[in-house]
Amino acid sequence: MVGSVLLVIGAVFLITYAALKVPPLYRFVIISGFSAVVGVLGFALQRYRQWEALAAWLRSIGGALFLFGCLGSGAIPGLQWINNPAAALGLLSGGILVNLVLGYLGGKQVFASLHVVLSLTALSMAPHSITTLLIGAVVTLFGIALVFREKWDAHLLVTLT
């Protein structure tokens, strides 16, 4: 998991550093493209039994990168290209949706918990409103629903915390 966090941080810094000469919209496109490449690589590797664990982590990293790009588009100076708070929240919600779907597809507590926590963390950085509270409630309910599907104890603890 530490390796995944370091890969995400390193990729974001590398992409941002390399893209300083382009407008923020293109930085989002670069981050999204890199996250798509990493995610597709994860889906491609899952066919091979010996690469299943790496494939799951790569899919998670792809989702985290995309979520970061969506968050940055409306809330992080240097990456921000959306000035309308409603549009920024809409894009962030799309990133959260992708992230939660990838957590669901991971099929394990560690991936589901990671994606729920990442989604809630990104949402906490958005401007606070009743809409963000409702989205946070939906994300939490989604995380709790995963528990009842598979009876995961640790995931429930992380989600409720």
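Can you pull out every residue in segment 103-135 that is under 16 Å from G69 (Cα atoms) and part of a helix (DSSP H, G or I)?
As a first pass, look at segment 103-135 and keep what is under 16 Å from G69 (Cα atoms): 115, 118-126.
H115, L118, S119, L120, T121, A122, L123, S124 - these are the residues of segment 103-135 that are under 16 Å from G69 (Cα atoms) and part of a helix (DSSP H, G or I).
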- Query: Tell me, which residue of segment 37-54 that is closer than 18 Å to V101 by Cβ and more than 19 Å from the chain's Cα centre (by Cα) is surrounded by the fewest Cβ atoms within 10 Å (Cβ to Cβ)?
  - Reply: A44
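Does S93 fit the bill of being open to solvent by 20 Å² or more (accessible area, probe 1.4 Å), touching a residue at least 24 places away in the same chain (Cβ under 8 Å) and part of a helix (DSSP H, G or I)? Give the steps one after another, and end with the answer.
Values: open to solvent by 20 Å² or more (accessible area, probe 1.4 Å): yes; touching a residue at least 24 places away in the same chain (Cβ under 8 Å): yes; part of a helix (DSSP H, G or I): yes.
The answer is yes for S93.
The rows are residues; the columns are (1) modelled with pLDDT of 90 or more; (2) among the aliphatic types (A, V, I, L, M); (3) in contact with a helix residue (DSSP H, G or I) (Cβ under 6 Å, 6 or more places away or on another chain).
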| position | (1), (2), (3) |
| --- | --- |
| I82 | yes, yes, yes |
| A112 | no, yes, yes |
| P127 | no, no, yes |
| G136 | yes, no, yes |
| T161 | no, no, no |
- Which of the residues belonging to segment 76-88 are open to solvent by less than 30 Å² (accessible area, probe 1.4 Å) and in contact (Cβ under 8 Å) with a residue 24 or more places away in the chain? L79, A88
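The values are calculated or read from the model by the stated rules, or taken from the named source; none is laboratory data. Quick caveat, the model's predicted, so the values are computed rather than measured. Positions of Cβ are backbone-derived with ideal geometry, glycine not excepted, and every protein chain shown enters the neighbour counts. Calculation scope for accessible area: heavy atoms of the full protein, side chains included, ligands and nucleic acids excluded. Shrake-Rupley method; radii C 1.70, N 1.55, O 1.52, S 1.80 Å.
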